[in-house]
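Please read the structure below before turning to the comments.
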Amino acid sequence: MLIDSHAHLDDRRFDIDRKKIIKNMENDGIEIILHPGADMTSSVKAVNTAEKHKNIYAAVGFHPHSAKEMDEDSLQIIKSLAKKEKVIAIGEIGLDYHYDNSPRDIQRKWFIEQIRLAKELKLPFIVHDREAHGDILKILKEEQYEGMKGIIHCYSGSYEMAVEFIKLGFMISIAGPVTFKNARRVKEVVKKIPLENLLIETDSPYLAPEPKRGRRNEPAYVRYVASEIAEIKDISFEKVAEATSENFIKFFNL
């Protein structure tokens, strides 16, 4: 059985078959799905979905794209949602300097505020990092506190930076791009980083792996990520499945 540590089940692309995908989780070999929020609406939906299904957990927070919509009131609502039983993380939060859908200073402000919320609530947090590796690492080091831990989701940085994140208490989550032929950097990360520091995810409905590239991604396709990791590390698929699932369960104390 596999664990998809990051899937946006609320996305409209799942409207036609969301119930079927959730119902078929076990048959598809998926033990647990972590459903993160990206704004207020998706955070509420993530909590509602998790509360209805025993094998789905939620994270709540504002993605950097939505940082411009955030204020003190919304931070307090996220805080309230984060106290619910099926919420196990703050996220996804972070910085995105590729699209810059929110001004960078606003992204940084609310990234920091949500890190501090995670600290207050003693929860891990899920980090979105796109073309912002330096600022992400700088902020994490400045905000570092005892017990800090989180996930760098859909990792795209270097091996050297992954080592720095791990030192700060973070897991490295590998997604569909590891299956792409030209993904030399993330393949190097997978090869060099110990299996005990890795999680796997789909980031559904985005970033479908080979051979599904270009289609809607879904949790069942996390098996392609696990298979690629097994090939890169020259170990069995079963070992990757077992280790990454154990990593997730241990990390979140489930």
### Query
Out of the residues in segment 106-142 that are acidic (D, E) and closer than 18 Å to D39 by Cα, which is surrounded by the most Cβ atoms within 10 Å (Cβ to Cβ)?
D129
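Rundown of residues vs (1) surrounded by fewer than 17 Cβ atoms within 10 Å (Cβ to Cβ); (2) of a type in the set (V, I, T), yes/no style:
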| residue | (1), (2) |
| --- | --- |
| F170 | no, no |
| I174 | no, yes |
| D203 | no, no |
| E231 | yes, no |
### S227 vs. criteria surrounded by 15 or more Cβ atoms within 10 Å (Cβ to Cβ), small (G, A, S), without any contact (Cβ under 8 Å) to a residue 60 or more places away in the chain and not in a loop (DSSP other than H, G, I, E, B)
yes
#### Entry: Members of segment 49-86 that are in a strand (DSSP E or B) and touching a helix residue (DSSP H, G or I) at 6+ places or on another chain (Cβ under 6 Å)
I56, Y57, A58, V60
### Message
Test of understanding: among S5, S43, which residue is in contact with a Phe, Trp or Tyr (Cβ under 7 Å, 6 or more places away or on another chain) and either under 17 Å from V127 (Cβ atoms) or modelled with pLDDT under 95 (or both)?
### Response
S5
### Query
If you check R213 against the conditions, is it in contact (Cβ under 8 Å) with a residue 12 or more places away in the chain, within 15 Å of S5 (Cβ to Cβ) and surrounded by fewer than 22 Cβ atoms within 10 Å (Cβ to Cβ)?
no
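The values are calculated or read from the model by the stated rules, or taken from the named source; none is laboratory data. Since the structure is predicted, the reported quantities are computational estimates derived from the model, not experimental observations. As a convention, Cβ positions derive from the backbone with ideal geometry for all residues, glycine included, and neighbour counts pool all protein chains shown.
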